[in-house]
Every structure is written in structure tokens, then in C-alpha cells.
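The values are calculated or read from the model by the stated rules, or taken from the named source; none is laboratory data. Here the structure is a predicted model, which is why all the values come from computation and not from measurement. Cβ placement follows ideal geometry from the backbone for every residue including glycine, while neighbour counts extend to all protein chains displayed. The protein model used for the area step is the full one, side chains on, heavy atoms only, and it has no ligands, DNA or RNA in it. Shrake-Rupley method; radii C 1.70, N 1.55, O 1.52, S 1.80 Å.
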Amino acid sequence: MSYGYTGNILHVDLSAKKHWIENPPENFYRTYWGGRALALYYMLKKMKPHIDPLSPDNLLIFAPSVITGTPAPAIPRYTVCAKSPLTGAEGEAEAGGWWGPELKKAGFDALIIRGASSTPVYLWINDGKIEIKDATHLWGKDTGETQKIIREELADDKVRIAQIGPAGENLVRFANIVNELKHFNGRNGLGAVMGSKKLKAIAVRGTKPINLYNKEKINQVTKNITKRVMDNSLSRDLRNLGTPGVVRGFYEAGCLPSYNWTTGYFQEGENLTAETLNKTILKSTKGCYACPIRCKRVVEVDEEGLKVDPSYGGPEYETIVSLGSLCGISDLRFIAKANELCNKYTMDTISTGMTIAFAMQCYQEGLLTKEDTEGIDLTFGNKEALLILIEKIAHREGLGDLLSQGSYLVAQKIGKDAEKFIHQVKRQEIPMHDPRVKTGVGLQYALSDYGADHMKAPHDPFFKDQDSPGIKEMSGLGILEPISPADLGKKKVALFKLLDIYWTVFDILGVCDFGYVPRSVGTMEELLEIVRSVTGWRTTWFELMKAGERSINMARIFNYREGFTSKDDTLPEVFYHNFKGGPLDGQGAIDKEDFQKALRLHYELMGWNPDTGIPNPAKLLELGLDWLVEEVS
Ligand code: SF4
């Protein structure tokens with residue numbers, strides 16, 4: 001009997017309109033576990049290098065994990081993977097919500113989609129039964145309308161729906177996928193891959209319980225974690241303030257990304273804080289499947305001409321900054337509206353805000369004129385222009401058609417030095433965390449296989465002193481000594497290596513980063529106990545860390561096959577210069593040579609070629625990836 005996993009992987013070929021179920025052996029699950037590791041196995045085995053990401057040859061993979069769908073707290077996540085149309089590299093994005101657990105309860109450990117339909121369709125997965133249904137009547141509809149129609153059609157309001165809006169249909173390169181209208185597989189343009197397959201939605205209903213090896217133990221651990229949520233300052237702050245809780249610290253310190261990264265000082269920062277949000281537009285809080293923390297915000301604006309529908313949730317920290325201070329905007333009502341529009345149309349708010357802020361700077365510098373913008377005044381701070389541009393990008397109209405390609409390709413098109421004003425790694429726009437005040441985040445940006453990302457490893461401040469949660473709670477990984485957030489020496493690189501692998505374990509297990517140490521209340525021991533009690537496997541953190549490392553190496557090989565090497569592990573130029581304005585004026589520049597040395601040391605620690613960053617055959621053998629050795633020989 002299998003525990004935790006169902007033993008069924010669902011394959012769907014949209015070109016041939018057929019499906020089949022694969023039953024891998026136990027060892028497969030214990031090697032690849034779920035999430036990105038499981039997805040990369042199929043991407044490396046079944047996808048040829050150099051395919052067009054928007055062609056039927058791309059695979060679109062939805063993968064929860066062997067422990068998803070159990071009562072254990074804060075483990076709702078599933079990964080979507082494909083070759084990314086934004087970066088051309090391995091594309092992946094994790095989402096919480098309910099869809100991943102529902103897929104497991106419907107009888108499947110993963111869903112692998114290939115081919116493309118000639119007309120719009122949606123998938124209906126109902127307790128093991130599969131149907132490909134016509135979606136012609138849904139094409140062009142926003143996510144709220146689509147969810148309503150599908151639930152009415154299937155006569156079940158508990159159906160969980162992952163779907164794309166018009167931006168995905170129109171192949172916007174940073175379109176995302178949403179479930180329950182507010183939980184996003186946000187980055188890498190995976191919604192465009194879904195759009196290219198003419199797949200509007202995947203509706204799932206599952207009522208089968210998941211076999212658990214030791215239900216009593218899981219319930220006990222769950223009870224213990226839940227009891228501590230309000231005593232732990234990190235999980236309590238997440239409940240009370242959500243991710244916007246970090247705005248205040250960044251704004252007061254002078255490192256809040258503003259005006260397309262030209263400064264970290266935003267004079268109206270107070271308007272963007274979680275405290276202001278709570279006082280003005282917060283309606284309620286929400287959570288994900290089996291999570292006692294409930295960190296999600298739900299906002300509402302009820303003003304004539306500016307209504308914000310609470311069904312679309314509320315802005316996270318990244319959204320408040322990318323659609324706010326980065327564009328010089330300090331009005332939370334407009335940011336909430338911009339967030340609602342992105343959610344209705346399914347566009348990644350980080351890339352959307354970054355691309356619009358870049359266009360605003362081009363306008364300021366005279367690289368874009370009113371003629372190029374069809375008369376729209378793109379001055380920083382123009383909040384009406386923000387809403388107009390989001391509409392135009394989603395529908396690929398006028399200037400929006402150009403911006404729908406993401407800032408890297410737009411800069412190529414504009415020419416005339418526009419490249420100076422983009423901030424990206426592997427063509428993906430950087431998130432809203434400044435590596436000049438936490439260098440480990442710089443390593444994340446540079447080394448992420450899926451383009452700049454801030455969720456690759458826990459951030460430096462969690463390890464800054466003896467009382468920090470990372471130092472107090474993670475000695476089991478050998479993390480004993482605090483390191484300053486601004487340090488970029490050898491010990492920081494060694495710490496980063498461990499943390500990168502540790503959070504990759506979260507990704508392959510579907511664990512929320514906000515549920516466990518160092519970011520929250522659950523301990524490493526409790527998480528290990530959950531994995532053991534769900535699966536019955538007498539596993540250890542050693543085995544889990546090896547699984548995490550395995551998936552990092554698989555992603556590295558996938559990218560190497562696509563032509564990526566160490567030359568693509570870069571940091572945007574802006575971080576090699578000091579802050580301008582505010583409390584950090586004239587400070588903070590990262591030393592380029594130190595950063596290069598850090599990258600080289602990281603390659604060595606990982607068992608990769610220090611010049612090229614390509615995994616050595618010996619490392620692949622150690623991780624049981626002998627089937628990939630030929631790729632690097
Ligand atoms: S902590 Fe927040 S994001 Fe994570 S599972 Fe809970 S509600 Fe969802």
C-alpha cells in the first residue's frame with residue numbers, strides 16, 4: 001500500500017485529445033518526491049532542447065507532492081513547470097490555495113500536458129474521471145466570470161479551478177496561472193504556455209482520502225503547530241499584517257525599490273504600509289488549504305469609478321511595491337485596483353510593474369515619446385496611466401502589445417540605450433528586495449534557474465545574530481554562527497548553499513515558506529515528522545537535502561541544454577552602485593569582484609565546474625542522476 005502518494009500520474013495529449021495514466025514505482029516517488037523535481041524528470045526525459053516554449057512541443061506540468069493534501073499545516077503548494085516563454089530557461093512557479101490538494105484527492109500525483117488543442121478547451125478531472133470539454137464560450141472571459149460559469153456548468157461550487165485570463169490567451173510573456181482567483185503560479189509566463197495550448201482551465205474535484213501512515217502523529221504535530229501560531233512573533237505578524245508587513249522596515253531603512261530602482265527612498269512610504277492597508281482597504285484575511293496562519297489579504301474599495309472586487313484577494317508586498325513605489329505611486333486604492341486587474345487577466349504583478357516602471361523611465365529620459373504612448377502621459381506617479389497600461393498589456397493593444405513582451409525584449413526593440421534601465425536576470429524582471437542590504441538575495445537572483453527570484457532561499461536577516469530564528473532553529477543543518485546581511489564572504493556563500501537546498505526541499509514537498517522555520521512557526525523536526533508520518537518512510541533531513549540538491553542539478557542541466565552557463569548568472573548593474581537619496585545615500589554598493597568570487601565559490605561548493613557553472617559528472621553520480629552524465633560529458 002502506498003502512503004501519501006496515489007501512484008497515478010495523469011498524462012493528457014491535447015493534440016490527440018487523449019489521456020493515459022502512468023503508475024511509477026515507489027522508488028520513483030522517493031527519488032523525485034514532487035514539485036519541481038518530479039516535473040524536471042519529465043522535462044529532461046520527454047522534451048527536446050531548443051523547442052519554442054509556445055509550441056505544442058512544450059510540456060506543461062502541474063505537480064503537488066507526496067505529502068500534499070494531508071491535514072498537516074501549511075503544505076498546500078504545487079508547482080507548475082514548462083520551458084518559460086519569458087526566459088527560455090526552465091520555468092517554474094509555485095502556488096498555494098486549494099488546487100494542489102484537490103488534484104491529489106481526485107487521485108493524481110501530477111498532471112502532464114502536451115500538445116495543443118485547435119480550439120479552446122478545459123479539462124474536467126472528477127475523482128479519477130477525465131474529460132476534455134469545449135471552452136469556446138469561455139475564451140476572452142476574465143477569471144471571475146470563468147470560475148462562475150464552470151462551477152454552474154458542472155453544478156458544483158466546490159470545484160477547484162486553475163485557469164488563465166485574457167493575458168494568458170493573448171500570450172503575454174509574463175502571464176500567470178491562478179486558482180481560486182487569488183493564488184498564483186506567478187512568474188515565468190506559464191499562463192502563456194497554457195494559452196498556447198488553448199487550455200483555458202483545469203477544473204478538479206476530489207473526494208478520495210489520502211492514505212496516511214500515522215494519522216494520529218500528524219494530528220498531534222498539526223495541533224502543536226496550530227497552538228503556537230499566535231505566540232510566535234513571525235507567524236503572528238504574518239496573520240496580522242500579511243507580507244505587506246515588511247514595507248515599513250524597508251521604507252524606513254531607505255531600501256524600498258522606487259522609481260524603477262533609481263532610489264530606495266520613497267517619501268510617501270507610510271501610505272503603502274500594512275498598517276495603512278489595514279486601516280483603509282482591508283476587508284478580511286484568508287488562508288490556504290489546512291493553514292492556520294491565514295496570511296492572505298482581502299481588500300475592497302467601494303468608490304464611484306474605482307471599485308475593487310474582494311473576490312480577487314488583495315496585494316502582497318511584491319505587488320504593493322512593483323505597482324506602487326516602483327512606479328512612483330502611493331495610493332493604495334489604485335494599487336489594489338491594479339492588482340485586481342492583473343488578477344482578472346492573469347498577469348504577474350512583479351513583471352507587470354517592472355515593465356511599466358521601465359516604460360516610465362524611458363518616457364522620462366525621452367526614449368519613449370507621447371507619439372509612442374498614444375498620448376498617455378507616462379510620468380512616474382500617474383496612477384490612471386498604470387490602470388490603462390495594464391488593460392492594454394492584457395489585451396495586447398497599442399503600446400501594450402510591445403510591453404507584453406517583458407522589459408528585456410522591449411529594451412531591445414526601443415534600442416537607444418534603453419537596456420540601461422532594465423533590471424533583470426535571465427530576462428526575468430527582479431523582485432522587490434534589494435541585494436545591497438542582503439547579499440544572499442543577490443546570490444539568489446543570479447543563481448536562480450528560473451530567472452531572478454526572491455523565494456529561492458530564506459533571506460539574510462533571519463541569520464543576522466544569535467537570537468535570529470535561523471540561528472536558534474536551524475542548528476540541525478549545521479547553521480550555528482550568525483552572519484551579517486551585508487557580508488559576502490566565504491561563510492555567507494556556504495550558508496547560502498545550505499539555504500538554497502533547504503528551500504528547494506520546500507518546493508519539492510509543496511511546503512509553504514511562510515509555515516516553517518526560519519520564516520515561521522513550524523520546526524525542522526516537526527516538518528520531518530510530518531514527512532515520515534505521511535509516507536511511512538524512515539527518512540532524514542540528509543535524504544531530503546539530497547533530493548533538493550538533485551532537483552537544483554536537474555534544473556541546471558535543463559538550462560545548460562538550452563545554452564545557459566555561468567555567463568547568465570548575473571546581477572543587474574544597479575546593485576554595483578551606491579544608493580541614491582534617503583538614509584542609505586552614498587552607501588551599499590556590492591563589489592563586483594567579490595560577487596564574482598562568491599559565485600565561483602558557490603559553483604565549487606555545489607560540485608560544478610568553477611568556470612562554466614556546469615555540474616560535474618561525479619556530482620550527478622552522487623545524486624543518482626547517472627542518466628544525465630552524458631549531457632555534460
Ligand atoms: S502561510 Fe499564508 S501563503 Fe502560506 S499556506 Fe498559510 S495562508 Fe497560504
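Here are a few things to note about the model shown:
- Selected residue (criterion: farthest from the ligand (Cβ to nearest atom)) from residues of segment 36-81 that are in a helix (DSSP H, G or I) and touching a Phe, Trp or Tyr at 6+ places or on another chain (Cβ under 7 Å): LEU44
- Some residue of segment 474-482 being touching a Ser or Thr at 6+ places or on another chain (Cβ under 8 Å) and of a type in the set (D, E, K, R): no
- Given (1) part of a helix (DSSP H, G or I); (2) surrounded by 20 or more Cβ atoms within 10 Å (Cβ to Cβ), index of the condition PHE579 fails: (1)
- Residue that is nearest to ASP585 (Cα to Cα), among those in segment 273-283 that are polar (S, T, N, Q) and either free of Cβ contacts under 8 Å to residues at least 12 places away in the same chain or outside any loop (DSSP other than H, G, I, E, B) (or both): THR276
- Selected residue [closer than 20 Å to LYS472 by Cα, within 16 Å of the ligand (Cβ to nearest atom), open to solvent by 10 Å² or more (accessible area, probe 1.4 Å) and modelled with pLDDT of 95 or more] from PHE506, PHE542, PHE514: PHE514
- Residues being outside any helix (DSSP H, G or I), away from the ligand (no atom under 16 Å from the Cβ) and open to solvent by 10 Å² or more (accessible area, probe 1.4 Å) - total across segment 307-327: 2
- All positions within segment 36-46 that are open to solvent by less than 10 Å² (accessible area, probe 1.4 Å) and touching a strand residue (DSSP E or B) at 6+ places or on another chain (Cβ under 8 Å): ARG36, LEU38, ALA39, LEU40, TYR42, MET43
- Odd one out for GLY375, checked against (1) under 26 Å from ALA452 (Cβ atoms); (2) surrounded by fewer than 20 Cβ atoms within 10 Å (Cβ to Cβ): (1)
For every residue, the table says whether it meets (1) open to solvent by 10 Å² or more (accessible area, probe 1.4 Å); (2) at pLDDT below 95; (3) more than 30 Å from ARG297 (Cβ to Cβ); (4) not acidic (Asp, Glu).
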{"position": "LYS104", "(1), (2), (3), (4)": "no, no, no, yes"}
{"position": "ILE113", "(1), (2), (3), (4)": "no, no, yes, yes"}
{"position": "SER118", "(1), (2), (3), (4)": "yes, no, yes, yes"}
{"position": "THR146", "(1), (2), (3), (4)": "no, no, no, yes"}
{"position": "ASP156", "(1), (2), (3), (4)": "yes, no, no, no"}
{"position": "ILE164", "(1), (2), (3), (4)": "no, no, no, yes"}
{"position": "ASN170", "(1), (2), (3), (4)": "yes, no, no, yes"}
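- Hey, ARG228 within 16 Å of the ligand (Cβ to nearest atom), open to solvent by 10 Å² or more (accessible area, probe 1.4 Å), touching a strand residue (DSSP E or B) at 6+ places or on another chain (Cβ under 6 Å) and charged (D, E, K, R) or not: no
- Applying the condition of being of a type in the set (Gly, Ala, Ser) and within 20 Å of GLY314 (Cβ to Cβ) to segment 250-274 and asking which residue is nearest to the chain's Cα centre (by Cα) yields ALA274.
- If the condition is being among the β-branched types (Val, Ile, Thr) and in contact (Cβ under 8 Å) with a residue 24 or more places away in the chain, then segment 462-495 contributes only VAL493.
- For segment 353-364, the count of residues that are more than 25 Å from PRO85 (Cβ to Cβ) and either free of Cβ contacts under 8 Å to residues at least 60 places away in the same chain or assigned to a helix (DSSP H, G or I) (or both) is at least one.
- Only helices (runs of 4 or more DSSP H) whose full extent lies in segment 98-180 are considered here, and the ones with at least 2 residues that are in contact with a Gly (Cβ under 6 Å, 6 or more places away or on another chain) are 99-105, 166-169.
- From the list MET455, MET432, MET474, the one residue that fits, being of a type in the set (A, V, I, L, M) and either out of contact with any helix residue (DSSP H, G or I) (no Cβ under 8 Å at 6 or more places or on another chain) or open to solvent by 30 Å² or more (accessible area, probe 1.4 Å) (or both), is MET455.
- Selected residue [open to solvent by 40 Å² or more (accessible area, probe 1.4 Å) and either at positive phi or more than 25 Å from the chain's Cα centre (by Cα) (or both)] from TRP98, TRP139: TRP139
- Applying the criterion of being part of a helix (DSSP H, G or I) and not hydrophobic (A, V, I, L, M, F, W, C) to the residues of segment 328-350, the residue that is nearest to GLN361 (Cα to Cα) is THR349.
- Condition check for PRO244: of a type outside the set (Asp, Glu), within 16 Å of the ligand (Cβ to nearest atom), surrounded by fewer than 24 Cβ atoms within 10 Å (Cβ to Cβ) and under 30 Å from VAL221 (Cα atoms): no
- Test result for ARG532, among the basic types (Lys, Arg), farther than 30 Å from ALA253 by Cα and open to solvent by 10 Å² or more (accessible area, probe 1.4 Å): yes
- Residues that are touching a Ser or Thr at 6+ places or on another chain (Cβ under 7 Å), within 16 Å of the ligand (Cβ to nearest atom) and assigned to a loop (DSSP other than H, G, I, E, B) do not occur anywhere in segment 205-212.
Yes/no per residue for (1) part of a helix (DSSP H, G or I); (2) in contact (Cβ under 8 Å) with a residue 60 or more places away in the chain; (3) within 16 Å of the ligand (Cβ to nearest atom); (4) open to solvent by 60 Å² or more (accessible area, probe 1.4 Å):
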position: LEU256; (1), (2), (3), (4): no, yes, no, no
position: TRP261; (1), (2), (3), (4): no, yes, no, no
position: TYR265; (1), (2), (3), (4): no, yes, no, yes
position: ASN271; (1), (2), (3), (4): yes, yes, no, yes
position: THR285; (1), (2), (3), (4): no, no, yes, no
position: CYS291; (1), (2), (3), (4): no, yes, yes, no
position: ARG294; (1), (2), (3), (4): no, no, yes, yes
position: ARG297; (1), (2), (3), (4): no, no, yes, no
position: ASP302; (1), (2), (3), (4): no, no, no, yes
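- Segment 490-503, subset open to solvent by 30 Å² or more (accessible area, probe 1.4 Å) and aliphatic (A, V, I, L, M), residue farthest from the ligand (Cβ to nearest atom): ALA494
Table: residues versus (1) within 25 Å of GLU145 (Cα to Cα); (2) within 18 Å of the chain's Cα centre (by Cα); (3) of a type outside the set (Asp, Glu); (4) modelled with pLDDT under 95.
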residue	(1), (2), (3), (4)
VAL298	yes, no, yes, no
VAL308	yes, no, yes, no
PRO315	yes, yes, yes, no
GLY328	no, no, yes, no
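Here's the yes/no breakdown for (1) in contact with a Leu (Cβ under 6 Å, 6 or more places away or on another chain); (2) on the phi > 0 side of the Ramachandran plot; (3) not aromatic (Phe, Trp, Tyr):
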position	(1), (2), (3)
THR352	no, no, yes
ALA357	yes, no, yes
TYR363	yes, no, no
ILE376	no, no, yes
PHE380	no, no, no
ILE390	yes, no, yes
ILE393	yes, no, yes
